[in-house]
Amino acid sequence: MRWLVLLACALLFAASSPARAEPFAALREAYAARDPAAAAAAYASDAQLRYARDGAPDEVYQGTAPIAASFKALFDRFDPREKLDLNFRETARVGNRTQGIYRLRVGRVRVGYGRYDVVIGPAGTFISDRSSPASVADFEEAAGATLFTADDDVLDRGYYQQLAGRYRLPDGCLLIVTRSVVRLFVRNSCTASWRGLSRVSGRVWTSGAHVLSAEVWARYRFAPFTNGACPALTIEEAGATRTAIRIAGYRTQEVSFRSGDGTLLAGTLYTPRAGKHPRPASVMLHGSGPQDRDGYASIIAVLADQLAASGRVVLAFDKRGAGASAGDGDRAGFDVLAADAQAAMAYLATRAEVDRRRIGLAGSSQAGWVAAKAIARGAAPADVLLLGAAGTALTVAEQNLYNTRVRLRCAGVGTADAQLALDQQRAFFAYLRDPAQAPILDALTARAAARPVLRDWLFPDSRSIDRSAGAWYIALDPFFDPLPVWQRYRGRAVFLFGALDDATPSALAARRLRRHPARVAVLQGAQHLGLAARDLCTADLPVLSRFVPELMPAVTAFSAASD
């Protein structure tokens, strides 16, 4: 594409030390601002930029004015509504010469890559550059972190989908590799261990003793790709090396569909290889916040993998406004998210692999409210599987109050202060329902704000709430009660709760659902995502290491019961 050619002509890149990074920071900022003069200022007045194109003469720019003009021509080719995000990965450095690979993201979907070979002058500006084409594999497989925002760097979906999947160890156990936005995860089917991996390079990762850990206890090496997939995975741990071979329990396919308002949503379709078709199917629903089709910490991908491996067709899609899906996710309420779920169900009904009479919904956390709202809007899922879903029996306001109460206690906040913070939160929700309650909210907020220990726990006062800004408590209905919906629902439902869930009062939800025909199971020792925890206050990923053993069999049983 022409924009990629012009991009590579205009770039110079940096090493990772602060002094050498400074011109690259300036260039990155200039791209974000679309400022040609600022971009040219990162170069010496007599700098030369040379782009070597395959099968064509080099394209050369020299001096401030030509360089600035080339940037203007480049920026003018992009839609001004699309964000430009420029980043770099260094591969070699000798003296003041640096080589590496760059990446430019245009909006949330388009990406361009190139190699750079630059020299940085004594004034800290670029004095020469030779740029040439590169691929996503070149960028991802280079070792080391990106120069900017390394901790938040998004893993390219197309590249890492080739690593994701199931691998069989010599002892017969499976390693299931899933992708989240910023890291890979590995689950062992026999031990239920689950590890978030730390990147060394695109095909080399490490793990420690817990889900999230900076320690290096094991090293994972993915083999070079064959036919668009990684064929094997080698694990080096405790002085031993084991090789796991990829197995093909299901196929994956990139798909897209439109919601009722025309918004384009992108996703992945999992189709079992074995068994008769058409098959029962599930649409995966998301937790709160902007999530792609893999979900927070890849929990959607974990559940989708288990369902697909157990015989169900699964559709996981990027939440609107996230990943490759269009739309505004910040202002999407339960009704909009439910409409997206209904559109996903309608899409599945068009697929030959799917039994259109047996299309259901599945997910975790916020998915309960979305599923309930979809049913209230007329959806008729054949079955529903939900994990840690307060949205089966509580309002959002109730769930937030419970979560705040637990976190205050875990933080060691005293009883009187904790009660003040909870009273302020109750007053906040009361104000959202009835603006006449503003004086009560504002008085409680002022009292609580005077307590330094509470300042990070408070909701806004009435004067600080912007109802047009898209805050979650405005977009989502805090008072939507899903319980009557589930009491009327007559499809097959399995609700799994964790006894140590700090986000959902599982015991209360189970009591409220006693008259519901759903199968309600409270998993002992489990936190919000089904991971084994010691208590409510030690339920975060950095201190956890495995799923409770009952979780995956329950997911498999749900899938098997559909056949």
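Quick notes on this one:
- Accessible heavy-atom area order of TYR489, TYR347, highest first, probe of 1.4 Å: TYR347, TYR489
- For the chain, the longest principal axis of the C-alpha atoms and the axis of helix 415-433 are separated by about 90°.
- Pairs of alpha carbons in region 168-219 whose separation is greater than 18 Å (percent): 27 percent
- Value of relative contact order over the chain, rounded to a whole percent, pairs C-alpha under 8 Å and six or more apart: 10 percent
- Summary value for region 397-448: 34 percent relative contact order, contacts being C-alpha pairs under 8 angstrom separated by 6+ residues.
- Three-way shape label, region 423-515, alpha-carbon gyration tensor, a/c 1.5: prolate
- Protein accessible area in the chain, 1.4 Å probe - carbon and sulfur %: 52 percent
- Each peptide in 294-303, 514-523, 538-547 receives the mean, over its residues, of other Cβ atoms within 10 Å, and ordering these scores from highest gives 294-303, 538-547, 514-523.
- Å² of accessible area per residue within region 320-398, as computed with a 1.4 Å probe and no ligands counted: 30 Å²
- Here's the list of lysines a cross-link from LYS83 could span, going by alpha-carbon distance under 18 Å and ignoring same-chain residues fewer than 8 apart: LYS72.
- Accessible area per residue was computed with a 1.4 Å probe on protein heavy atoms; HIS277 scores about 80 Å².
- Cα gyration tensor category, rounded, prolate or oblate, for region 451-563 with a/c compared to 1.5: oblate
- In this simple spin-label approximation, ARG451 and ALA92 carry label points 7 Å from Cα along the Cα→Cβ vector, and these lie 6.2 nm apart.
- Averaging the Cα positions of each part gives two centres, and for region 223-276 and region 505-563 these lie 26 Å apart.
- Relative to the longest principal axis of the Cα atoms of the chain, helix 334-349 runs at roughly 80 degrees.
- Qualifying aspartates and glutamates (Cα of each under 20 Å from Cα of LYS373; at least 8 residues distant if same chain): ASP261, ASP318, ASP328, ASP330, ASP335, ASP340, ASP383, GLU398, ASP477, ASP481
- Given charges at Cβ of Lys, Arg, Asp, Glu: the chain dipole, positive-most of GLY414, ALA324, GLY172: GLY172
- Value of Rg/Rh across region 156-292 [Cα atoms, Kirkwood radius]: 1.00
- By average C-beta atoms within 10 angstrom, highest first, the peptides 183-192, 421-430, 355-364, 404-413: 355-364, 421-430, 183-192, 404-413
- For region 114-248, the solvent-accessible area with a 1.4 angstrom probe is 41 square angstrom per residue.
- Beta bridges by DSSP in the chain, antiparallel share as percent, to the nearest 5: 75 percent
- P(r) of the chain over all Cα-Cα pairs, binned every 10 Å from zero, in whole percent: 3, 16, 23, 24, 19, 11, 3, 0
- A 1.4 Å probe over all protein chains sorts LYS276, LYS72, LYS83 by accessible area into LYS276, LYS83, LYS72, starting with the largest.
- Environment charge at SER213 (Cβ cut-off 14 Å; Lys +1, Arg +1, Asp -1, Glu -1): +2
- Where a label projected 7 Å from the Cα of SER256 along Cα→Cβ would reach, residues of region 130-169 with amide N under 16 Å: 157-158
- Amide H partners (placed H, <5 Å) of TRP217, local residues excluded: SER207, GLY208
The values are calculated or read from the model by the stated rules, or taken from the named source; none is laboratory data. Everything quoted here is computed from the prediction, not taken from an experiment. Counting neighbours? That spans all protein chains shown, and the Cβs are built from the backbone with ideal geometry, glycine included. These area figures cover heavy atoms from the full protein model, side chains too; ligands, DNA and RNA do not enter into them. Shrake-Rupley method; radii C 1.70, N 1.55, O 1.52, S 1.80 Å.
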